[in-house]
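Below is one structure, written out as structure tokens; the observations come after it.
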Amino acid sequence: MKFLFFLAGLASLGQLVANNINWVAVGQRVLPQTLADAAPFPIGFAVNPAKLLNNAPYQQTVTQEASSVTADVAMKPSRISPQKGAYNFELADQLVEFARAQKKRLHGHTLVWYIDTSPNWLKQIRDSTELETTLQAYIQTVGAHFKGKVASWDVVNEAVDNQGVIRKDSLNTLGKTLFNVGKILGNDYVARMFQYAHQADPTAKLFYNDYGQETRPAKLDAIVKMATNYKRRGIPIHGLGLQMHMSIDTPEAGIENAIRKLAETGLLIHISELDIALNPGKKKDFVVTSELLEKQYQKYKFVVSTYKKWVPIGQQFGITLWGVDDGTSWIPGFCQCADAALPFDASFAKKRAYQGFLEGLK
Ligand code: 9MR
């Protein structure tokens, strides 16, 4: 039934897109009016399939502005396999259908993630052989299911800690041990996950994805070293994801350094989860001011233009925003504070940040 609604939604969406004029003539010149039209590389949003279905302006913004989509949650192990041996592809397949109907690239996120959103049954495994074969089977099943439907995968997400070491004893904020894959399987497990992913879907571009590389040089260097090592050994890695959850205070030098150094690996580079917070101090009495929005405009422009400047065309996998609009962004829920980190506000109106993104593309 839900699926029928979805198809009906797609049909009306098709109409909507057909009626929409994305190009505007100014004198003799035709100017692009959306991010996807203006960009020489794919522009993505992290999306929630249920919101795509139920929230018309959300759907319209994605349809018009993006050429690529990533599931914010729907393709994570916790959603796909909440119980051992059971797989549920329903939500993820809705996104596959949306991407197919709207001709968007679908980037898979993510096959292996240490964090406590991995399913409980998986986190409980302590035996190395059992964990290895279980992860291999998961990657085989999920990779085969989405074969030909996803263009790419984040194979392993956030395996390197802030000091540049493979995570072994990560704790969550409550002091609870997370899913310590590195401790059980050893440092080289990341390489093997890439081999399993390649066996499951030899056509998918395979990425290592991580955060904070723009502010933590040891982490950045470790990731570059790991990628270089994998290339030398013939491990099937094709790209690196720079999440870039940043703020208006994130130093520009670090942003430029991370983009340059990753590009030097020769791999595809994806700014995979971009957002730029206005309230990094998590102030409870925070209010958005035009001054802060101007700083955000500058920072979006800088990130986009720096990506264009330093990433060779053949390595430009694209820029994905982590969310569509300020009203559905993950940040307020996470920081328990007000923020507005995306180029669209909660009413889906374009902010100065949108203009900054467009200008950065020029
Ligand atoms: O934005 C996502 C949020 O809705 C989920 O609750 C959370 C756990 O699945 O994951 C968030 O996305 C994260 C992404 O998968 C990896 N990098 C950090 C992102 C923000 O936490």
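The values are calculated or read from the model by the stated rules, or taken from the named source; none is laboratory data. Worth saying up front: this structure is predicted, and the values here are computed from it rather than measured. Counting neighbours? That spans all protein chains shown, and the Cβs are built from the backbone with ideal geometry, glycine included. When the accessible area is computed, the model is the full protein with side chains, heavy atoms only, and any ligands, DNA or RNA have been set aside. Shrake-Rupley method; radii C 1.70, N 1.55, O 1.52, S 1.80 Å.
In table form, for the structure just shown:
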| read-out | value |
| --- | --- |
| Of residues in region 318-338 being open to solvent by less than 20 Å² (accessible area, probe 1.4 Å), in a loop (DSSP other than H, G, I, E, B) and hydrophobic (A, V, I, L, M, F, W, C), the one nearest to the ligand (Cβ to nearest atom) | 324 |
| Residues that are of a type outside the set (Ser, Thr, Tyr) and open to solvent by less than 40 Å² (accessible area, probe 1.4 Å), drawn from region 57-71 | 59, 62, 64, 65, 66, 69, 71 |
| Count of region 187-217 residues which are farther than 24 Å from residue 70 by Cα and open to solvent by less than 50 Å² (accessible area, probe 1.4 Å) | 1 |
| Scope region 46-102; condition charged (D, E, K, R), within 25 Å of residue 207 (Cα to Cα) and touching a residue at least 24 places away in the same chain (Cβ under 8 Å); matching residues | 65, 72, 76, 97, 100 |
| Flag if residue 298 is surrounded by fewer than 23 Cβ atoms within 10 Å (Cβ to Cβ), farther than 30 Å from residue 234 by Cβ, within 16 Å of the ligand (Cβ to nearest atom) and over 20 Å from the mean Cα position of the chain (by Cα) | no |
| Residue within region 306-317 that is within 16 Å of the ligand (Cβ to nearest atom) and either of a type in the set (D, E, K, R) or outside any loop (DSSP other than H, G, I, E, B) (or both) present | no |
| Among (1) over 20 Å from the mean Cα position of the chain (by Cα); (2) farther than 16 Å from residue 45 by Cα - the single one residue 350 does not satisfy | (2) |
| Residues satisfying the stated conditions in region 88-112, i.e. surrounded by 14 or more Cβ atoms within 10 Å (Cβ to Cβ) and within 16 Å of the ligand (Cβ to nearest atom) | 91, 92, 95, 106, 107, 108, 109, 110, 111, 112 |
| Filter pass, residue 235 being open to solvent by 10 Å² or more (accessible area, probe 1.4 Å), within 23 Å of residue 45 (Cα to Cα) and at pLDDT 95 or above | no |
